[in-house]
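Have a look at the structure below before the remarks.
The values are calculated or read from the model by the stated rules, or taken from the named source; none is laboratory data. Bear in mind that the values here come from a model prediction, so they are computed numbers and not experimental data. All Cβ positions, glycine included, derive from the backbone under ideal geometry; neighbour counts span all protein chains shown.
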Amino acid sequence: MGLKVEKTGLDGVLLIKPEVFEDFRGEYVETYNQRLYQEAGIGAVFVQDDVSVSRKNVLRGFHGDAKTTKLISCLLGEFYMVVVDCDKASASFGKWVSFTLSERNRRQVLVPPMHGLAHLALSERIIFHYKQSTYYDPGSQFTYKWNHPEFGVWWPVKEPVLSRRDELGGFTG
């Protein structure tokens, strides 16, 4: 098994395409292999895996912190994901890239520290999976509103389903 790694419009944000084996029985994909990822130049060591389940039109994010690298994938359904540079000292602060991840395309996105990520459920139900290079620390998190005017992110829905945290947004880290 192998993988293809592509650079994106944001430094450090990578699109990863694992090899998928398909035959008459279904499909098989290796979602993580430390050796292969290291050979591809991805040196993050992951210490925690998390899963988020959402229903259609639920939008989560923008969340992030200053030290965590995340590897994002879709286990079920399809979602639209946006990664934004949230480092105010960066020349690319506020710039963003978007991806559609699904159980069918099996793509993954590597998100470095100081980048916020948000995702919108496009299918009736999604399972969003992510590996983290640090343990979750709610006190170190930052949050920006999903429609923060400085970012100008395009979303394929006008009235998403939001949590109170995501509805209010604002820098909290």
Looking at (1) farther than 26 Å from VAL47 by Cα; (2) at pLDDT 95 or above; (3) surrounded by 14 or more Cβ atoms within 10 Å (Cβ to Cβ); (4) not polar (S, T, N, Q), which one does PRO156 not meet, given that it meets all the others?
(3)
Taking the stretch 54-82 and keeping only residues that are of a type in the set (D, E, K, R), within 20 Å of TRP154 (Cβ to Cβ) and either touching a Cys at 6+ places or on another chain (Cβ under 8 Å) or surrounded by fewer than 21 Cβ atoms within 10 Å (Cβ to Cβ) (or both), one is left with LYS56, GLU78
Mind telling me which of the residues PHE93, PHE62, PHE128, PHE46 ends up being of a type outside the set (D, E, K, R) and at pLDDT below 95?
PHE62
Note down all Cβ pairs under 9 Å where the first residue falls in the stretch 115-133 and is among the acidic types (Asp, Glu), the second is assigned to a strand (DSSP E or B), and they're at least six residues apart or on different chains.
GLU124/ARG55
Quick check on the stretch 164-172. Is at least one of its residues hydrophobic (A, V, I, L, M, F, W, C), on the phi < 0 side of the Ramachandran plot and surrounded by fewer than 16 Cβ atoms within 10 Å (Cβ to Cβ)?
yes
Identity of the residue in the stretch 9-28, within 15 Å of ILE72 (Cα to Cα) and in contact with a strand residue (DSSP E or B) (Cβ under 6 Å, 6 or more places away or on another chain), that ends up surrounded by the most Cβ atoms within 10 Å (Cβ to Cβ):
ILE16
Within the stretch 83-95, can you find the residues that are surrounded by 22 or more Cβ atoms within 10 Å (Cβ to Cβ) and of a type outside the set (Asp, Glu)?
VAL83, VAL84, CYS86
